[in-house]
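Below is one structure, written out as structure tokens; the observations come after it.
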Amino acid sequence: MYYVYIVKCADETLYTGIATELERRIDEHNGSDKGAKYTRVRRPVNLVYSEEYADRSSASKREYEIKKKMSRAEKLKLIASS
């Protein structure tokens, strides 16, 4: 199982990522050197949205859509609708 997720950082910015173990990945963002460089300086992060996919290809396509094709306002609408 793959997850596409959005976290809200301490500075109110949004970060979108992909993971196989969502809880572990959020913990990495918050407390280890394995978290993304972007989130390391914006801790703590809080999970605000996630979607589940059966395969990596589908999850990667969705991650790309959210990261590159959606504005912040569109991401906030997506989060609010969940």
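Take the residues in region 1-16 that are in contact with a helix residue (DSSP H, G or I) (Cβ under 7 Å, 6 or more places away or on another chain) and among the hydroxyl-bearing types (Ser, Thr, Tyr); name whichever of them is farthest from Arg42 (Cα to Cα).
Tyr2
Given the criteria polar (S, T, N, Q) and at pLDDT below 95, does Ser82 qualify?
So Ser82 fits the description; yes.
Can you pull out the helices (runs of 4 or more DSSP H) entirely within region 17-82 that have at least 2 residues that are within 18 Å of Tyr2 (Cβ to Cβ), touching an Asp or Glu at 6+ places or on another chain (Cβ under 9 Å) and not acidic (Asp, Glu)?
The qualifying helices (runs of 4 or more DSSP H) are 56-64.
If I go through region 38-52 residue by residue, how many of them are hydrophobic (A, V, I, L, M, F, W, C) and loosely packed, with under 13 Cβ neighbours inside 10 Å?
Looking only at that region, the number is 1.
Name the residue that is nearest to Leu22 (Cα to Cα), counting only residues in region 50-82 that are of a type outside the set (A, V, I, L, M) and in contact with a Lys or Arg (Cβ under 8 Å, 6 or more places away or on another chain).
Glu51
Which one of these does Gly35 not meet: (1) surrounded by 14 or more Cβ atoms within 10 Å (Cβ to Cβ); (2) touching a strand residue (DSSP E or B) at 6+ places or on another chain (Cβ under 9 Å)?
(2)
The values are calculated or read from the model by the stated rules, or taken from the named source; none is laboratory data. This is a predicted model, so every value here is computed, not measured. All Cβ positions, glycine included, derive from the backbone under ideal geometry; neighbour counts span all protein chains shown.
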